[in-house]
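See structure below.
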Amino acid sequence: MTPGRYRVTLVLDGRPALHGWWNAEPTARRQFAELVGQYGRPGTHITLADEQTGMTLTEWPTVQ
């Protein structure tokens with residue numbers, strides 16, 4: 001079984017802490033939002049990527 005198309009990654013203080021894959025983008029976006037709500041603080045980086053295209057769809061904090 002292969003992981004889903006959409007990957008959410010949580011990095012805490014420079015160390016990978018969690019990876020999750022979903023086949024549905026809306027589900028992956030909800031998981032992303034939940035992680036931002038739980039872990040959104042300095043030293044945290046959260047990304048949502050489309051593994052099929054290789055694109056980062058969103059990240060926290062937002063890179064400007």
Looking only at the stretch 1-35, and only at residues there that are under 16 Å from T58 (Cα atoms) and basic (K, R), the one that is surrounded by the fewest Cβ atoms within 10 Å (Cβ to Cβ): R30
Pairs where the first residue, in the stretch 14-32, is more than 13 Å from T47 (Cα to Cα) and among the β-branched types (V, I, T) and the second is open to solvent by less than 90 Å² (accessible area, probe 1.4 Å) and not in a loop (DSSP other than H, G, I, E, B), C-beta under 9 Å, 6+ apart: T27/Y6
Extreme residue, surrounded by the fewest Cβ atoms within 10 Å (Cβ to Cβ), among residues of the stretch 41-60 that are closer than 14 Å to R5 by Cβ and of a type in the set (A, V, I, L, M, F, W, C): M55
Qualifying positions in the stretch 1-15 - at pLDDT 95 or above and of a type in the set (S, T, N, Q): T9
Hey, Q38 in contact (Cβ under 8 Å) with a residue 12 or more places away in the chain and surrounded by fewer than 16 Cβ atoms within 10 Å (Cβ to Cβ) or not: no
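The values are calculated or read from the model by the stated rules, or taken from the named source; none is laboratory data. The model shown is predicted, which means the values in this text are computed figures rather than measured ones. Please note: Cβ atoms are built from the backbone with ideal geometry, for glycine as well, and neighbour counts cover all protein chains shown. Each accessible area value is taken on the protein alone, full model and side chains, heavy atoms only, with ligands, DNA and RNA left out. Shrake-Rupley method; radii C 1.70, N 1.55, O 1.52, S 1.80 Å.
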